[in-house]
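Data first, discussion second: the structure below is written as C-alpha cells.
The values are calculated or read from the model by the stated rules, or taken from the named source; none is laboratory data. None of these values were measured; they are calculated from a predicted model. FYI the Cβ positions are ideal-geometry reconstructions off the backbone, even for glycines, and counts take in every protein chain you see.
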Amino acid sequence: MLTRALLAAVAVLCVVFGVVTLRDDARCTDARNTVLAIGAHGGGDPLAAAKQVRDECEDTTSLVRAATLLSARRHFPEALAIARQMIHDAPQDYVGWLTYAGVANFQHPGSARAAFARAHQLNPRGTPAP
C-alpha cells in the first residue's frame, strides 16, 4: 500500500514537472519568435524582444541566437544586454564571453578583445588565442 502511494506521488510530481517545463519552453519559443520577427521584417521593438529572451530563455543556444540576430540587424545595445546577462549568470562559461566578444566587436573593439581573451582563458582548446 505504501509503495503504491509513493509511486502515485512520484507520478504526480512527474506530470507537474512536465507541464511546468513545457510552459517554460513555450515562453522561450515565443520570445525567440519575437526576435526572429524583428530579423525577418525589421519591425518590432528590439529592446522589448531582448528583454523577453533574457527573461524567458535559460538555454545558451537561444540566447546566443537572439544576440547574434539582433547584432546582425544592427541592434547592438539589445544584443549586448543579452550577452552581458549571459556573463552575469554564468561567468565561468566561455560561450557568454564569446557572444559578448562577437557583439561588442562592432562598437567596442577593446572590450571585445578583453572578452575574447577571457573566453580563451576559460577554454583554451575551444577558443583560439587572441
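Some observations on this one:
- Residues of the stretch 50-82 satisfying the condition of being more than 16 Å from ALA31 (Cβ to Cβ) and surrounded by 20 or more Cβ atoms within 10 Å (Cβ to Cβ): SER71, LEU80
- Residue within the stretch 96-110 that is within 23 Å of ARG27 (Cβ to Cβ) and assigned to a helix (DSSP H, G or I) present: yes
- Here the condition is being under 18 Å from the mean Cα position of the chain (by Cα) and more than 17 Å from LEU36 (Cβ to Cβ); of ALA83, ALA117, ALA66, it holds for ALA83 alone.
This table checks each residue for (1) modelled with pLDDT of 90 or more; (2) among the aromatic types (Phe, Trp, Tyr).
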| position | (1), (2) |
| --- | --- |
| LYS51 | no, no |
| THR60 | no, no |
| ARG65 | no, no |
| THR68 | no, no |
| ILE82 | yes, no |
| GLN85 | yes, no |
| ALA90 | yes, no |
| PHE106 | no, yes |
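- Of the residues ALA37, ALA83, ALA66, ALA50, the single one that is in a helix (DSSP H, G or I) and more than 21 Å from ALA101 (Cα to Cα) is ALA37.
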